[in-house]
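Worksheet: the structure to be examined is printed underneath.
The values are calculated or read from the model by the stated rules, or taken from the named source; none is laboratory data. Remember, predicted model here, so these are calculated numbers, not experimental data. Positions of Cβ are generated from backbone atoms using ideal geometry, with glycine treated the same way; all protein chains shown enter the neighbour counts.
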Amino acid sequence: MEQGKILIVVPAFNEQNNILKVIGDIRSSIEGGDILVVNDCSLDATSATARAAEGVKVVDLPYNLGIGGAVQTGFKYAAVQGYSYMVQIDGDGQHLPREVNKLRETMERTGADMVIGSRFLDVQSFRTTWTRRLGIKVFSVLFRVLIRTKVTDGTSGFRMYNRKSIELLSKHYSDDYPEPDAIILLKKNGLRICEVGVEMSRREHGTSSITPLRSAYYMAKVTLSMLFSCIRTRW
Ligand SMILES: Nc1nc2c(ncn2[C@@H]2O[C@H](COP(=O)(O)OP(=O)(O)OP(=O)(O)O)[C@@H](O)[C@H]2O)c(=O)[nH]1
Ligand SMILES: [Mg+2]
């Protein structure tokens, strides 16, 4: 892997109770990365809390854009500032910074343009609701059919990107539930994707954006969006 600057992007919406621990864990586990917290117009003290941590860059979005817009802000920042790599670590503390080494090693070993941290590849212990497990299975089948690629955790946001992926996704990234779509987009543009098994934890404070009621809507929307991404030939 070429030497280069790494940007760690932390999307955060109402994460005042989690953000300092996330920043502390990033600092103690990842060497030499810059941290960018994208505060997605939180209603709590997420921004002020993150700003109080020394050396952390904070972007305050003027409107709540949702996870896609928050992460795309990170891609745009990484693209403009010339970062060679970007890692997404959610502000809710679910992604474990100590697992970034696995993403890094996998990128180095395989030369992939994006490495996904998968909860289901070799770590069987991650427990989630059956509706979500079913959704993830459906996505796996779709990935196999649409882009002939094995992806066990297409909804995981715990990912590492190289410069090529950063440049592409800074221009095109879905605003809602963007993770499965981005896989199709990268593949359609000839970029390489790889997964590595990681540990993830459960959310400690705050609430998830994906309630059981929203699951069906989520599935329909993401499936449609994946199909459109697949049939669209030019970006
Ligand atoms: N809920 C929500 N989260 C956002 C938003 N914008 C950015 N985020 C951040 O995006 C990350 C992922 O959101 P989550 O709601 O945890 O989604 P998830 O991790 O897929 O779902 P869980 O596994 O149930 O936590 C978190 O760090 C949020 O703080 C938003 O508008 N709503
Ligand atoms: Mg989460």
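Name the residues in segment 138-154 that are under 19 Å from the mean Cα position of the chain (by Cα), in a helix (DSSP H, G or I) and surrounded by fewer than 13 Cβ atoms within 10 Å (Cβ to Cβ), would you?
none
Which one is farthest from the chain's Cα centre (by Cα), of the residues in segment 155-189 that are within 13 Å of ligand 1 (Cβ to nearest atom) and part of a helix (DSSP H, G or I)?
The qualifying residue farthest from the chain's Cα centre (by Cα) is 180.
Taking segment 148-164 on its own, how many of its residues are without any contact (Cβ under 8 Å) to a residue 24 or more places away in the chain and within 15 Å of ligand 2 (Cβ to nearest atom)?
The total comes to 0.
Tell me whether segment 133-147 contains one or more residues that are among the hydroxyl-bearing types (Ser, Thr, Tyr), under 26 Å from residue 232 (Cβ atoms) and either at pLDDT below 95 or within 15 Å of ligand 2 (Cβ to nearest atom) (or both). It would help to see each step written out before you state the result.
Within segment 133-147, the first condition is being among the hydroxyl-bearing types (Ser, Thr, Tyr), and the residues that meet it are 140.
Those left that are additionally under 26 Å from residue 232 (Cβ atoms): 140.
Still in the list and also either at pLDDT below 95 or within 15 Å of ligand 2 (Cβ to nearest atom) (or both): 140.
The answer is yes; a qualifying residue exists.
Go through segment 18-133 and tell me which helices (runs of 4 or more DSSP H), entirely inside it, have 2 or more residues that are crowded, with 16+ Cβ neighbours inside 10 Å and touching a Lys or Arg at 6+ places or on another chain (Cβ under 8 Å).
Once the helices (runs of 4 or more DSSP H) in segment 18-133 are filtered for at least 2 residues that are crowded, with 16+ Cβ neighbours inside 10 Å and touching a Lys or Arg at 6+ places or on another chain (Cβ under 8 Å), nothing remains.
Look through segment 66-116, keep the residues that are more than 16 Å from ligand 2 (Cβ to nearest atom) and β-branched (Val, Ile, Thr), and return whichever of them is farthest from residue 22 (Cα to Cα).
Among residues in segment 66-116 that are more than 16 Å from ligand 2 (Cβ to nearest atom) and β-branched (Val, Ile, Thr), the one farthest from residue 22 (Cα to Cα) is 110.
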